[in-house]
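Trainee: Dropping the structure in here first, questions after.
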């Protein structure tokens, strides 16, 4: 169906392709000159504004059907029960558009007012300073052009799936650039793999202590939605904590854009001050999953002994000051009632010293269920392969005293957008998930190893120590290759005859000229 334009030039029917085209224009417009977060913020505001208008029209229509006059309907439609968010009409997108010269000032006022009227938006939309941002004249021009780009879209009826994909597209598009500045973006394929292994279910709680932009929780929600339906997905309890206030704001907007309600997300340093507290104790969850910063320094024994609940959370020991990998793992284990899945640096599997002692104690408690070696060049901020470790506090009887090692280092395809990157394809994710579920030996890919053997290897969890991929040897059809070779030889003889003829002709001409 061809998209139709409304009175303001906005498109009524929004598709992924259409929205992605606008976002590409926005990305080209800002390039590296402006922080991409302003694109996300404008996308979010346009959604809230258009959604409010759409809900207002629906409320008027409903009230008119109930027999109210136009004037009565307009008055009753002011009731906030009709709306997802309390949105001040003076700051609706079309009203902001009427005075472009005062756009930065009005945007700043709009976000401040939205935060005042909606407690769930406090600390989210009011963290961005448009006035400071547009002191630079060039930035002001870019802002005006970005605003006009979004003016052509009516996002009121756009599905959360389409909007969510658009939000994720921006995060993914700018991931290579932001990786150089230290921001970490976990590829969605890696998140899908982890979630499919952990299998969240309705009425279960899921916690990400290193939240980032919220991808782990969003994928958990969509996994349940796809498998059990939206109503059941809304029964999933989502929790997270993020240390960076701006990243926290992006995560909250990401949740709202995806139409995920009631996620409990806190701001703060998880390792030092876990904020999700219940009855005076840090809260436990059914599933804990994360991709924390790899080899984060500054969290040695001296620092962690000042952390809240440190005796409960770091009972297996303190990591070295130059790598908090096993501090994150211990916090996640202490926070879990059932399963933990972590994406982590491959080096934590075999490094010695303090890390080895922690690893040894956790293995002796039989908590490690599966170790997966990922392919290299999956991540935007490092070419290192990375690993996934699955811990299970409720191991089935047949898995006790054993660890499954999966070597997925060769299971990848070239990334379709970033030339230097690889990615996990759907077939690779499926193969890894099936191997985990079946928990059996597959030559060159997976192997079940006893804790006794791991002990003999000095508690080394390096996957290649237990499973080495079989080099794929191409089968050769000898008869076919022989026929091809004979054909090439015959062609060469023909070429040689022609060359000999040309040389003979040249010798003849040379003799005549003399």
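Trainee: In percent, what relative contact order does the chain have, based on Cα pairs under 8 Å that are 6 or more apart in sequence?
Mentor: This gives 10 percent for the chain.
Trainee: Can you pull the semi-axes for the chain, root of five times each eigenvalue of the Cα gyration tensor, sorted largest first, whole Å?
Mentor: Equivalent-ellipsoid dimensions as semi-axes: 48, 39, 22 Å.
Trainee: Another question, if that's okay. If you look at just the Cα atoms of the stretch 221-275, how large are its Rg and its Dmax in Å?
Mentor: 12.7, 37
Trainee: Taking every alpha carbon pair in the stretch 177-465, what does the distance histogram look like in 5 angstrom bins from 0, in percent?
Mentor: For the stretch 177-465, the pair-distance distribution reads 1, 5, 12, 17, 19, 19, 15, 8, 3, 0, 0.
Trainee: Separation of the stretch 326-344 and the stretch 133-180 by C-alpha centroid, Å?
Mentor: Computed from Cα coordinates, the inter-centre distance equals 34 Å.
Trainee: Using just the helices of the chain, give the 222 nm mean residue ellipticity in deg cm²/dmol: DSSP H runs with n ≥ 4 each add -39,500 (n - 2.57), and the total is spread over all residues, rounded to 500.
Mentor: For the chain, the value works out to -14000 deg cm²/dmol.
Trainee: Please report, in cubic angstrom per residue, the volume enclosed by the convex hull of the alpha-carbon atoms of the stretch 71-203.
Mentor: Value for the stretch 71-203: 189 Å³ per residue.
Trainee: Continuing with the same structure: How big is D, in µm² s⁻¹, for the stretch 227-344 by Stokes-Einstein at 10 °C and 1.306 mPa s if Rh is the Kirkwood radius over C-alpha pairs?
Mentor: 103
Trainee: Separate question: Quantify how much of the Cα-Cα distance distribution of the stretch 1-136 extends past 20 Å, in percent.
Mentor: When every Cα pair of the stretch 1-136 is considered, 56 percent fall beyond 20 Å.
Trainee: Then there is this: Any idea what Rg and Dmax come out to for the stretch 68-137 if you just take the C-alpha atoms, in Å?
Mentor: So, for the stretch 68-137, Rg and Dmax equal 14.9, 51 Å respectively.
Trainee: I've got another one for you. Compute the distance from the alpha-carbon center of the stretch 230-278 to that of the stretch 397-473, in whole Å.
Mentor: 31
The numbers here are math on the coordinates, done by the rules we state, and not lab data. Predicted model only: the values in this text are computed from it and were never measured.
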